[in-house]
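Student: Before anything else, here's the structure in question.
Throughout, read-outs are computed from the coordinates displayed, never taken from laboratory work. Just so you know, these numbers come straight off a predicted model, no measurement behind them. Here the Cβ is made from the backbone with ideal geometry for all residues, glycine too, and neighbour counts use every protein chain on show.
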Amino acid sequence: MTTHAAEPSAGTERGPASSPGYAAALSAEWHKFWALPVTRTVLLATVGITVGINILAVLFGAGSNLAEVQRKGEYDAIFFGALFGVWAFIYLGANFVASEFRTGMADYTFVATPRRSRVLISKILIVGGLGLVLGALISLVDVALTQGALAITGYPTLRLNDPTLLRPVLLYIGVGMGLQGILGGLLAVLVRNAFGAVALTILLNLLPVVFAKFFGEAYTRTVPRWTPGAIVESVSGVAKPGSDGYLPISLAVLGAAIWIGVLLALALIRLLRGDAR
Amino acid sequence: MIEVERLTKRFGGLTAVNDLTFRAEDGLVTGFLGPNGAGKTTTMRMILGLDSPSAGWARIDGKLLRDHSSPLRSVGVLLNADSAAPTMTAWAHLRWVARAGAIPDARVDEVLELVGLRTAGQRKVGTMSLGMRQRLGIATALLGDPGTFILDEPINGLDPDGVLWVRTLLKKLAAEGRAVLVSSHLMSEMELTADKVVVIGQGRLVAELAMSDLEDSAHRAPVRVRVAEQAALLDALRRIYGDVKIEYPEPVHGRRSGPGSILRIEGLTPEEIGDTAAATGTAIYELTLERPTLEDVFMRLTHNAADYVASDSTTGALQ
């Protein structure tokens with residue numbers, strides 16, 4: 001349904017030309033992100049999966065089962081559901097990039113912001129930032145759910161004022177969502193497909209660990225700890241010093257920066273040198 | 001002004017655009033014509049920096065688009081009505097584009113009003129008709145009130161009212177001093193809208209033609225005449241103008257000559273023929289200047305440059 005078009009005109013007089021820079025690109029990508037219904041759907045799914053699984057665990061395993069899980073692994077009860085949410089969030093990051101090419105929206109994006117690096121950096125800032133915040137919030141809800149259930153049924157609970165717990169709660173799922181979401185988005189630039197990017201992200205995490213069975217102890221003690229998932233465990237304090245997956249925090253942060261840096265460089269080469277199709 | 005200089009684009013072994021050079025000046029509507037697959041869209045994408053040229057360059061107001069401080073205020077673009085995300089509302093689509101250009105949100109409502117989509121702002125793009133999506137694309141192009149417009153087939157899917165509106169809009173934009181490059185398959189529409197046309201075929205420039213050249217060529221066009229007494233008129237014409245070139249283009253009632261038959265006379269104006277007929281007392285039933293249309297010119301120029309041509313048969317091999 002169209003109403004009658006106004007008298008043909010370009011409209012108002014040309015306004016003062018302000019030069020849109022990174023802030024304009026970030027603002028555009030932020031509004032685009034929330035204007036895509038799939039964003040809300042996947043975010044709801046992410047929260048639903050992460051919190052929902054813990055609700056089910058509380059309902060069906062209230063008390064003894066939950067306490068047993070927490071006894072075996074300090075954070076297992078809290079983070080069990082949230083790990084599924086990380087994978088959903090990787091799809092969100094990958095789709096935010098891939099939808100540009102799938103829908104043809106890239107035409108408008110790269111005419112409005114011809115400096116394509118600004119668009120990509122805006123996207124990874126949004127995905128990374130949102131992952132950090134959303135992950136921390138989900139973790140806090142999961143702590144409240146699981147520890148509340150344990151407290152009600154008289155089992156020992158973890159306390160947030162314990163610094164060794166606070167760091168994993170605030171960082172583990174948040175850094176996981178942020179880092180893996182960014183990697184998914186950068187891989188989507190390379191493959192131009194959200195599901196392909198998610199699959200590649202999963203392979204980056206799993207393959208080095210799977211190969212450990214075949215490549216011997218030296219490999220096992222060096223390579224797998226540099227996978228994105230292991231880096232997240234080290235940054236958030238979940239990995240215990242001396243374990244195969246452990247890296248000191250400075251090296252873990254460096255590892256995360258290397259992963260982002262390498263994939264960002266590859267994505268920029270693909271994005272800047274190739275056609276926007 | 002849009003400048004395209006020796007622009008070339010190769011996709012593997014296929015050369016889509018080949019050494020193409022032309023200008024689309026400020027204050028003019030430049031029609032960009034060519035058969036399907038001629039390279040029009042690829043050329044437009046290279047002008048906008050969306051595709052990288054294999055050779056040559058394209059500039060808008062002397063600069064690559066990425067070097068403009070405010071790209072959306074420099075160029076308005078409609079490449080494909082389907083480039084807006086189908087799950088977004090029209091308003092949300094325009095708002096994110098406006099944000100990218102540091103353009104106030106109020107301008108979004110303004111351009112929706114301008115293109116006649118005021119009441120459809122909250123509709124999802126995917127639920128809109130092709131005509132509505134074209135209008136949304138034009139609204140997007142108008143957002144930054146730019147000095148240059150690049151529009152690929154903007155009247156596809158529009159109703160007659162919409163076609164007239166776009167024609168008037170393009171002429172007005174050019175009259176305001178802006179450069180308008182517009183591609184279309186509708187020759188009759190281009191003839192009414194464009195000030196000049198750039199014709200390409202198989203990626204190469206075939207012709208760059210001002211519409212005034214087309215008007216000039218009409219003065220040398222043949223005149224179609226249907227008369228009662230053909231012999232009397234021809235005698236008089238030859239007596240006055242000497243050797244006159246005459247064709248008998250089609251038989252009437254099975255005859256190529258005689259009363260009521262049709263002649264095509266070259267080298268004389270309708271006035272000269274009409275006055276001569278009046279002087280000899282010959283009745284004229286039809287006197288038409290066979291002005292070449294843009295379509296005639298286009299077909300002649302691109303005859304050997306079309307990649308995809310249907311056979312003459314309407315039924316093919318079906319028996």
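Student: Using only Cα atoms, tell me the angle between helix B:270-280 and the longest principal axis of chain B; keep it within 0 to 90° and round to the nearest 10.
Tutor: Here the helix axis deviates by roughly 20 degrees.
Student: Tell me, A:226, B:57, B:165 in order of fewest to most beta-carbon neighbours within 10 Å?
Tutor: With the sparsest Cβ surroundings first, the list reads B:57, A:226, B:165.
Student: Pairs of lysine in chain B with Cα under 26 Å and at least 8 positions apart or on different chains: total?
Tutor: 12
Student: Return the distance in nm (one decimal) between the two label points of a simple spin-label model at residue B:204 and residue B:122, each offset 7 Å from Cα along Cα→Cβ.
Tutor: Label at residue B:204, label at residue B:122, 5.7 nm between them.
Student: Based on DSSP H runs of at least 4 residues, each adding -39500 (n - 2.57), what is the mean residue ellipticity at 222 nm of chain B after dividing by all its residues, to the nearest 500 deg cm²/dmol?
Tutor: That comes out to -10000 deg cm²/dmol.
Student: Spin-label point model (7 Å from Cα, Cβ direction): what's the residue A:253 to residue B:14 distance in nm?
Tutor: For the pair residue A:253/residue B:14, the computed spacing is 5.1 nm.
Student: Please state, rounded to one decimal and in Å, the Kirkwood hydrodynamic radius that chain A gives when every pair of distinct Cα atoms enters the mean of 1/r.
Tutor: 20.5 Å
Student: Could you tell me how many degrees, from 0 to 90 and to the nearest 10, lie between the Cα long axis of helix A:22-35 and the main elongation axis, the longest principal axis, of the Cα atoms of chain A?
Tutor: Tilt relative to chain A: about 70 degrees.
Student: With a point put 7 Å past each Cα toward its Cβ, work out how far residue B:284 is from residue B:175 in nm, to one decimal.
Tutor: Result: 3.4 nm between the two label points.
Student: What relative contact order, as a whole-number percentage, does chain B give when Cα pairs under 8 Å and 6 or more residues apart are counted? Don't skip to the end; give the middle numbers.
Tutor: Working: 633 pairs, mean separation 65.8, N = 319.
Answer for chain B is 21 percent.
Student: For region A:104-198, what is Rg from Cα atoms divided by 2.2 N^0.38 Å, rounded to two decimals?
Tutor: Computed over Cα atoms of region A:104-198, the ratio equals 1.51.
Student: Does region B:113-153 come out rounded, prolate or oblate by the C-alpha gyration tensor, with a ≥ b ≥ c the root eigenvalues, rounded set by a/c under 1.5 and, if not, prolate when a/b is larger than b/c and oblate if not?
Tutor: Oblate, since a/c reaches 1.5 and b/c is not below a/b.
Student: Separate question: Considering the convex hull of the alpha carbon atoms of the protein assembly as shown, report its projected area averaged over all viewing directions, in nm², one decimal. Show your work: numbers first, answer last.
Tutor: On the way: hull surface 157.6 nm².
Mean shadow area of the hull around the Cα atoms is 39.4 nm².
Student: Using θ = phi - 60° and the Karplus curve 6.51 cos²θ - 1.76 cosθ + 1.60, what whole-Hz ³J(HN,Hα) does each residue of region A:251-266 get, with Gly and Pro shown as x?
Tutor: Along region A:251-266, the couplings run 5, 5, 5, 4, x, 4, 5, 5, 4, 5, x, 5, 5, 5, 4, 4 Hz.
Student: Further, regarding this structure: In a GNM of chain B with a 10 Å cut-off on Cα contacts, which of B:237, B:72, B:164 has the highest mean-square fluctuation?
Tutor: Greatest mean-square fluctuation among the candidates belongs to B:237.
Student: Just to confirm the number: angle between the C-alpha axis of helix B:130-142 and the first principal axis of chain B, 0 to 90 degrees, nearest 10?
Tutor: The answer is roughly 70 degrees.
Student: Right, something else. Which value in deg cm²/dmol, rounded to the nearest 500, describes the helix-derived mean residue ellipticity at 222 nm for chain A, given -39,500 (n - 2.57) per DSSP H run of n ≥ 4 and division by the residue count?
Tutor: After summing the helix terms and dividing by the residues of chain A, the value is -26500 deg cm²/dmol.
Student: Rounded to the nearest 0.05, what FRET efficiency do residue A:195 and residue B:185 give with R0 = 51 Å and r taken as the Cβ-Cβ distance? Could you check?
Tutor: That gives a FRET efficiency of 0.90.
Student: Hey, in the GNM for chain B with a 10 angstrom Cα cutoff, which one of B:226, B:59, B:45 fluctuates hardest?
Tutor: Of B:226, B:59, B:45, the most mobile in the Gaussian network model is B:226.
Student: Okay, moving on. How large is log10 I(q)/I(0) at q = 0.18, 0.21, 0.27 Å⁻¹ when the Debye formula is applied to the Cα atoms of region A:96-137, each weighted equally and without solvent?
Tutor: For region A:96-137, the Cα-only Debye profile gives -0.57, -0.69, -0.90.
Student: Another one. For region A:19-273, what number of Lys pairs, 8 or more residues apart or on separate chains, have alpha-carbon atoms under 26 Å from each other?
Tutor: Value for region A:19-273: 4.
Student: Please build a GNM for chain B, connecting alpha carbons under 10 Å apart, and tell me which residue among B:119, B:41, B:148 fluctuates the most.
Tutor: Maximum among the listed residues: B:119.
Student: Tell me the net charge near residue A:271. Cut-off is 15 Å between Cβ atoms, residue A:271 excluded, with +1 for each Lys or Arg and -1 for each Asp or Glu.
Tutor: Around residue A:271, the charge tally is +4.
Student: So the label point goes 7 Å from the Cα of residue B:235 along Cα→C-beta, right? Which residues of region B:263-285 then have their backbone N under 13 Å from it?
Tutor: Zone members listed by number: B:280-282.
Student: Starting from the Cα coordinates of chain B, work out the convex hull volume and express it per residue in Å³.
Tutor: Value for chain B: 199 Å³ per residue.
Student: Can I ask one more? Can you list the residues, at least 5 places off or on another chain, whose amide H is less than 5 Å from the amide H of residue B:153, using H built in the peptide plane?
Tutor: B:183, B:184
Student: For Cα pairs less than 8 Å apart in space and 6+ apart in sequence, what is the mean separation divided by the residue count of region B:87-158, i.e. the relative contact order in percent?
Tutor: Numbers: 75 pairs, mean separation 26.7, N = 72.
Across region B:87-158, relative contact order equals 37 percent.
Student: Let me ask something else about it. Restricting to Cα pairs below 8 Å that are 6+ residues apart, what does the relative contact order work out to for chain A? Please round to a whole percent.
Tutor: Computed over chain A, the figure is 20 percent.
Student: How would you rank A:101, A:195, going from fewest to most other Cβ atoms within 10 Å of each one's own Cβ?
Tutor: Details: A:101 18, A:195 13.
Ranked by crowding around the Cβ, least crowded first: A:195, A:101.
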